[in-house]
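The values are calculated or read from the model by the stated rules, or taken from the named source; none is laboratory data. The model shown is predicted, which means the values in this text are computed figures rather than measured ones. Neighbour counts are summed over all protein chains in view; Cβ atoms, including those assigned to glycine, are modelled from backbone coordinates with ideal geometry. For accessibility, only protein heavy atoms count, side chains too; no ligands or nucleic acids. Shrake-Rupley method; radii C 1.70, N 1.55, O 1.52, S 1.80 Å.
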Amino acid sequence: MAPKKLYIKTYGCQMNVYDSERMAEAMGGEGYETTERPEDADMILLNTCHIREKAAEKVYSELGRYKGLKAARPDLKIGVAGCVAQAEGEEIMRRQPMVDLVVGPQSYHRLPEMEAKVRSGGKALDTDFPEEDKFDHLKGRPKAKRGPTAFLTVQEGCDKFCAFCVVPYTRGAEVSRPAERVLTEARDLVERGVREITLLGQNVNAYHGHDGGLAGLIHALAEVDGLERIRFTTSHPNDMDEALIEAHGTCDKLMPYLHLPVQAGSDKILKRMNRQHTAEQYLRLIERLRAARPDLHLSGDFIVGFPEETEADFQATLDLIEAVEYGSAFSFKYSERPGTPAAERPQVPEDEKDDRLQRLQALLTKQQRSLQDAMVGRDVHVLFEKPGRLPGQMVGKSEYLHAVHVEASGIVPGDLARIRIESSGPNSLKGVMNPL
């Protein structure tokens, strides 16, 4: 019997990428193999994110594109997973009756049972926060060859309740996977060709599945033979303890790149966001991190136009950015999320949000280009991931997460090489082989 085809469209964060991989693996045990074309699929899954503006409406719009496929092939199964599924639940099936199953991010290990129910003519909805650990119920990863980099979820959920964020409502409370299970999965990934692992969590540095916290887990992973690089994302400033700061200076496999969102530079706005730290506390934390690892490159998240933000508040954010000097950042206009405290407050006019976002992004782009240009003439170590667009070109990431293009023969994905940077482009670097 020919294998059934599964098409997954993934929205949003790196954790959703990881979740989509695990959903594909779960359905692989039921005879499905993935396809890049929804037209070829026997089952379509949308793995959704609720962070971005009008997230739910974008999902409904995407579902509308599949009406013709469903009409032509009534046996085609269509499912919605992830955070919009968690937030919308039965509403998705009410608005789009063609949807066969809806599953939240904590329940996707039940997908095979849900698919069986749909096959028998029913509909399936599961947006529970089950007591059992979904990772215990997922089948082991197949032994197929992997690329040189991989995501590995170690922590989920959030207890911070920032006033703008839906994560505590869609992902639930903070939970951590036991260290030994993480190490087992990491060893398995390395056996399949992975050389760099990025540890994932909504608040990954709140990880408590190891006696030594996230720092202890990182040091344990550093002992895994064949694992050359370790990264982690996303962190909260309040969970960056001394052991983790020290690890940036003492663990050679922990890369000198840290994503540490602050969101705003005004203490008034930080308090209204319920961030539970001040701008000064954040800046002192950056000083301690850079004392441990002087070449550390920083990335951040920023929200402009948060309710009640004044021009003076916005200027405080610009001042913080000037003080930190970010290598990269994500920045957004504030948009309401139903059910969150900030959605009920007086909103900043859209034209003011637009103006502030443009000014903020201009400063961030200037900093990014400056730090990237400063790499010219330096040697970096690049883990190559894939061929580039040009013949003979390979693309990889430096330890600082810069994309680096190199034209050289004999390089294959998974190679780690010393590269001399020759030029800097808008979003990448170009280098040449520089033998050790």
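Remarks
- Looking across the range 90-111, the residues that are assigned to a loop (DSSP other than H, G, I, E, B) and either open to solvent by 10 Å² or more (accessible area, probe 1.4 Å) or closer than 11 Å to LYS123 by Cβ (or both) come down to GLN96, PRO97, MET98, VAL99, ASP100, GLN106.
- Some residue of the range 364-387 being open to solvent by less than 50 Å² (accessible area, probe 1.4 Å) and either in contact with a His (Cβ under 6 Å, 6 or more places away or on another chain) or under 16 Å from GLU309 (Cβ atoms) (or both): no
- For the condition of a type in the set (Lys, Arg), farther than 19 Å from PRO148 by Cβ and open to solvent by 20 Å² or more (accessible area, probe 1.4 Å), ARG181 qualifies.
Every residue, every condition in (1) in a loop (DSSP other than H, G, I, E, B); (2) closer than 16 Å to GLY147 by Cβ, yes or no:
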site	(1), (2)
VAL194	yes, yes
LEU199	no, no
GLN202	yes, no
HIS210	yes, no
GLY216	no, no
HIS219	no, no
VAL224	yes, no
LEU227	yes, yes
ARG231	no, yes
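- Matching option when the condition is farther than 24 Å from LEU298 by Cβ and modelled with pLDDT of 95 or more, among VAL166, VAL175, VAL204, VAL190: VAL190
- Restricting LEU270, LEU289, LEU258 to those that are touching a strand residue (DSSP E or B) at 6+ places or on another chain (Cβ under 8 Å) and without any contact (Cβ under 8 Å) to a residue 24 or more places away in the chain reduces the list to LEU270.
- Any hit, the range 198-205, residues being out of contact with any Leu (no Cβ under 6 Å at 6 or more places or on another chain) and more than 28 Å from MET27 (Cβ to Cβ): yes
- Count of residues meeting criterion [among the hydrophobic types (A, V, I, L, M, F, W, C) and open to solvent by 20 Å² or more (accessible area, probe 1.4 Å)] in the range 396-417: 6
- Any hit, the range 156-173, residues being in contact with a Leu (Cβ under 9 Å, 6 or more places away or on another chain) and open to solvent by less than 10 Å² (accessible area, probe 1.4 Å): yes
- Residues of the range 212-264 that turn out to be touching a Phe, Trp or Tyr at 6+ places or on another chain (Cβ under 8 Å) and open to solvent by 10 Å² or more (accessible area, probe 1.4 Å), as a count: 6
- So GLU325, is it surrounded by fewer than 20 Cβ atoms within 10 Å (Cβ to Cβ), more than 29 Å from ARG231 (Cα to Cα) and of a type outside the set (Gly, Ala, Ser): no
- Restricting attention to the range 292-308, the residues that are in contact (Cβ under 8 Å) with a residue 12 or more places away in the chain, open to solvent by 10 Å² or more (accessible area, probe 1.4 Å) and outside any helix (DSSP H, G or I) add up to 6.
- Residues located in the range 112-163, provided they are part of a helix (DSSP H, G or I), modelled with pLDDT of 90 or more and within 30 Å of THR340 (Cβ to Cβ): MET114
- Check on PRO74, surrounded by fewer than 18 Cβ atoms within 10 Å (Cβ to Cβ), modelled with pLDDT of 85 or more, touching a Phe, Trp or Tyr at 6+ places or on another chain (Cβ under 8 Å) and not aromatic (Phe, Trp, Tyr): no
- Yes/no for TYR282 being open to solvent by less than 50 Å² (accessible area, probe 1.4 Å) and within 18 Å of the chain's Cα centre (by Cα): no
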